[in-house]
Amino acid sequence: MLDANDTGLLVVDIQGKLARIVHDSKTVLANTAKLVRGAQILGLPILWLEQNPEKLGGTVDEISALLPHHRPITKYTFDACREPAFAAAVQNADVRTCLVCGIEAHICVYQTSLHLHDLGYGVELVGDCITSRAAANRELAIARLAAKGVGITGLEMCLYELAVDCRAACFRPIRELIR
């Protein structure tokens with residue numbers, strides 16, 4: 001079970017034109033915005049990545065506007081764990097489990113999730129908050145990560161799991177977010 005005391009959110013490369021042309025873009029962007037707001041309600045640490053922003057553009061406004069007190073970590077490797085700034089940020093976040101959302105599922109999301117898992121972190125891929133240009137590549141990433149022991153969850157599933165109790169202060173805002 002996810003525990004809000006040791007879980008963080010990782011937002012991977014939701015940038016530029018690519019974020020607009022991936023499969024089911026509008027739904028994934030809307031779900032990811034809800035996930036970010038849910039993580040904020042729950043007080044989770046949030047790490048935010050951008051792949052080569054000089055070439056791909058910055059994070060789309062729908063997401064970056066939700067993170068005014070955060071700075072994206074720039075990376076050039078597909079696997080963010082190979083970037084020293086990201087490796088240090090994960091360690092400083094003091095989490096045992098990472099919820100992962102973003103694009104592209106079969107490249108940066110896949111490689112980063114697998115490396116975090118191999119480093120001993122619990123990794124939960126938020127399936128309705130990831131995508132790729134082709135739906136088949138998204139499905140391949142989910143299948144491969146699940147086969148390697150990475151957990152697969154969904155937006156609503158993970159937020160309610162982290163909220164734990166309908167009497168908790170976070171429950172009402174989470175419920176309103178999901179509606």
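The values are calculated or read from the model by the stated rules, or taken from the named source; none is laboratory data. Predicted, not measured: the structure shown is a model, and the values here were computed from it. Cβ sites come from the backbone with ideal geometry, for glycine too, and all protein chains shown count toward neighbours. What goes into the accessible areas is simple: the full protein's heavy atoms, side chains included, and nothing from ligands, DNA or RNA. Shrake-Rupley method; radii C 1.70, N 1.55, O 1.52, S 1.80 Å.
Worth pointing out:
- In straight-distance terms, cross-link reach from K26 covers every one of the lysines whose alpha-carbon lies under 17 Å from its own, apart from those fewer than eight places away in the same chain; here that gives K17, K34.
- Calculated FRET efficiency for the pair M1/H70, C-beta based, R₀ 30 Å, to 0.05: 0.70
- Shape of the stretch 1-98 from the C-alpha gyration tensor: oblate (a/c of 1.5 or more and a/b not above b/c, with a ≥ b ≥ c the square roots of its eigenvalues).
- Helix-only mean residue ellipticity at 222 nm for the chain, each DSSP H run of n ≥ 4 adding -39500 (n - 2.57), per residue, nearest 500: -12500 deg cm²/dmol
- E176 - accessible surface, heavy atoms, 1.4 Å probe, Å² rounded to 10: 100 Å²
- Once the 1.4 Å probe is applied to the protein heavy atoms, the chain comes out at 48 Å² accessible per residue.
- Isotropic mean projected area of the C-alpha convex hull, the chain (nm²): 9.2 nm²
- The R167 and L56 beta-carbon pair, evaluated with R₀ = 45 Å, returns a calculated FRET efficiency of approximately 0.55.
- Largest accessible area first, the listed residues T32, T27 line up as T27, T32 when surface is computed with a 1.4 Å probe on the assembled protein chains.
- Of all accessible heavy-atom area on the stretch 1-85, the percent that carbon and sulfur account for (1.4 Å): 55 percent
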